[in-house]
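Visitor: For reference, the structure I am asking about is given below.
Readers should treat all values here as calculations from the given coordinates under stated rules, not as data from a laboratory. Nothing here was measured: the structure is a model prediction, and the numbers come from that model. Heads up, the Cβs are rebuilt from the backbone with ideal geometry, glycines too, and the neighbour counts pull from every protein chain shown.
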Amino acid sequence: MDILLVNDDGYKANGLRVLAETMARLGDVTVVAPKKPQSAMATSVSLGLKKLAGKSLPEMGPGRWYYLDATPVSCVKFALNYPFVERKPDVLISGINHGHNASTGSCYSATLGSAEEGAINGIPSFGVSLNSFHSDADFSVVAAFLPDLLKHLLENWPKGLYGLFYNINFPNCKPEEVKGVRVTRMGRGHWVKEFNLWEESVGRLSSIADTFGLSAADTPLEEGETAYHIVGEFVDDESTGEDADHRLLFDNWITITPMTSDNTFYAEIERLKGLGLNKDFKK
């Protein structure tokens, strides 16, 4: 089995290394990951006239490794144009992300954006995340359960469903503390107090920088500019329900949320038709 691995935390991330080691037990691994962390880039593509630097990394392993100085979705496109130009991979796995991608956070996730790009290209695809943002997080719970989950899902992959991919989130706990697996839905919520003055965010910025190997250094401002940083506090919507993915995840369940790249709201099509919006204009 040919396995393509991508992520959004960058090619040096521990989660990607653990994923490569885990998946190497199931097949031949190829890694194409961003040169630098690219969280919350969703389905962004590196367009324009900018040169995109890529590099083969023969010193890394298992499998073939490359980095691309571009967004995660661009890494998928690169993989399908170079290492997999003759034949598509049998499966694409994006992760292991440092931090969960549950609830409406999944709308911004480049981990899931990469899985969606795989789905658009007809590849069985998965986004895999751990509910810990620490750079030295313990990924043993993923290594323990992911291989069997993937085998089961791939053996029963439905035919004819356009754009299907699975969002799998693992709790931040020891394998023996996991309560089980739940197939569920995306939770509902939103962020408040998202924009903070830079000076008030320095402490939190430093911890984020340590996790992802970034620099939290201040950048020069032009005259009249004010510096901000997006932090935010997540608030559950009243309709989210106890069966939502993030609620279950924080209660030590592994969650599997089916998703699709087809954003059409099919039920609304019929309602709008019932309102008489389908019209023929006579010439």
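Visitor: I need the phi-derived Karplus couplings for region 238-246: 6.51 cos²θ - 1.76 cosθ + 1.60, θ = phi - 60°, integer Hz, Gly and Pro marked x.
Guide: Result, rounded to whole Hz: 4, 8, 5, x, 6, 8, 6, 4, 6.
Visitor: Could I ask something else about it? Give the shape of region 13-160 as rounded, prolate or oblate, defined through the alpha-carbon gyration tensor: a ≥ b ≥ c are the square roots of its eigenvalues, a/c under 1.5 means rounded, and otherwise the shape is prolate if a/b is larger than b/c and oblate if not. Walk me through the numbers before you get to the answer.
Guide: Numbers: a/c = 1.25, a/b = 1.17, b/c = 1.07.
It is rounded, given that a/c, with a ≥ b ≥ c, falls under 1.5.
Visitor: Now for a different question. Which loop-located GluC sites (Glu not before Pro) does region 1-89 contain, where loop means any DSSP state but H, G, I, E or B and the Cβ has at most 15 other Cβ atoms within 10 Å? The partial results should precede the final answer.
Guide: On the way: sites: E21, E59, E86; in loops: E59, E86.
Counting only loop positions with at most 15 other Cβ atoms within 10 Å, the GluC sites (Glu not before Pro) in region 1-89 are E59, E86.
Visitor: Please give every one of the aspartates and glutamates within straight-line cross-link reach of K51, meaning a C-alpha to C-alpha distance under 15 Å, and leave out same-chain neighbours fewer than 8 residues apart.
Guide: The qualifying aspartates and glutamates are D69.
Visitor: With runs of 4+ DSSP H residues as the only contributors, calculate the mean residue ellipticity of the chain at 222 nm using -39,500 (n - 2.57) per run, divided by the residue total and rounded to the nearest 500.
Guide: On the way: 7 runs with 76 residues, N = 283.
Mean residue ellipticity at 222 nm (helix-derived): -8000 deg cm²/dmol.
Visitor: Under 5 Å between amide hydrogens, which residues at least 5 positions from I96 or on another chain qualify, with H placed 1.01 Å from N in the peptide plane?
Guide: Amide H to amide H, under 5 Å and 5 or more residues apart or across chains, I96 pairs with L16, L19.
Visitor: With label points built 7 Å along Cα→Cβ from the Cα atoms of K282 and W198, find their separation and express it in nm.
Guide: Spacing of the two 7 Å Cα→Cβ label points: 6.5 nm.
Visitor: Antiparallel versus total DSSP beta bridges in the chain: what percent is that, nearest 5?
Guide: Values: 16 of 45 bridges.
In the chain, approximately 35 percent of DSSP beta bridges are antiparallel ones.
Visitor: Label region 1-50 by shape, choosing from rounded, prolate and oblate, from the square roots a ≥ b ≥ c of the eigenvalues of the Cα gyration tensor; if a/c is under 1.5 it is rounded, and otherwise prolate applies when a/b is larger than b/c, oblate when it is not. Don't jump to the answer; show the numbers that get you there.
Guide: On the way: a/c = 2.78, a/b = 1.86, b/c = 1.49.
Cα axes put region 1-50 in the prolate bin.
Visitor: Continuing with this model, one more query. What's the magnitude of the charge dipole for the chain around its Cα centre, counting Lys and Arg as +1 and Asp and Glu as -1 at the beta-carbon? Answer in Debye, nearest 20. Can you show the working numbers first?
Guide: Details: 27 positive and 37 negative charges, 247 e Å.
The calculated dipole for the chain is roughly 1180 debye.
Visitor: Enumerate the amide H contacts of S132 below 5 Å, restricted to partners 5 or more residues apart or on another chain; note that Pro and chain-start residues carry no placed amide H.
Guide: G99, H100
Visitor: Another one. For the cross-link pairs K50/K88; K77/K179; K35/K88; K151/K179, which exceed 25 Å when the distance is taken from alpha carbon to alpha carbon?
Guide: Numbers: K50/K88 27 Å; K77/K179 37 Å; K35/K88 23 Å; K151/K179 20 Å.
From K50/K88; K77/K179; K35/K88; K151/K179, over 25 Å: K50/K88; K77/K179.
Visitor: Just want to confirm a number: the relative contact order over the chain, from Cα pairs under 8 angstrom separated by 6+ residues, in percent.
Guide: On the way: 566 pairs, mean separation 51.6, N = 283.
Rounded, it is 18 percent for the chain.
Visitor: Then there's this: Which whole-Hz couplings ³J(HN,Hα) result when phi for each residue of region 106-111 is put into the Karplus expression 6.51 cos²θ - 1.76 cosθ + 1.60, θ = phi - 60°, listed in order with x for Gly and Pro?
Guide: Along region 106-111, the couplings run 5, 5, 9, 5, 6, 4 Hz.
Visitor: Can you compute the modelled spin-label distance between D251 and L275, with each label point 7 Å from Cα toward Cβ, in nm?
Guide: According to this spin-label approximation, the distance is 3.6 nm.
Visitor: In which sequence would H98, H229, H134 go, from the one with the fewest C-beta neighbours within 10 Å to the one with the most?
Guide: Details: H98 28, H229 18, H134 14.
Sorted ascending by nearby Cβ count, the order is H134, H229, H98.
Visitor: Toward the positive end of the charge dipole of the chain, about the Cα centre and with charges on Cβ (Lys, Arg +1; Asp, Glu -1), which of G99, M60, Y82 goes farthest?
Guide: Result: Y82, furthest along the dipole toward the positive end.
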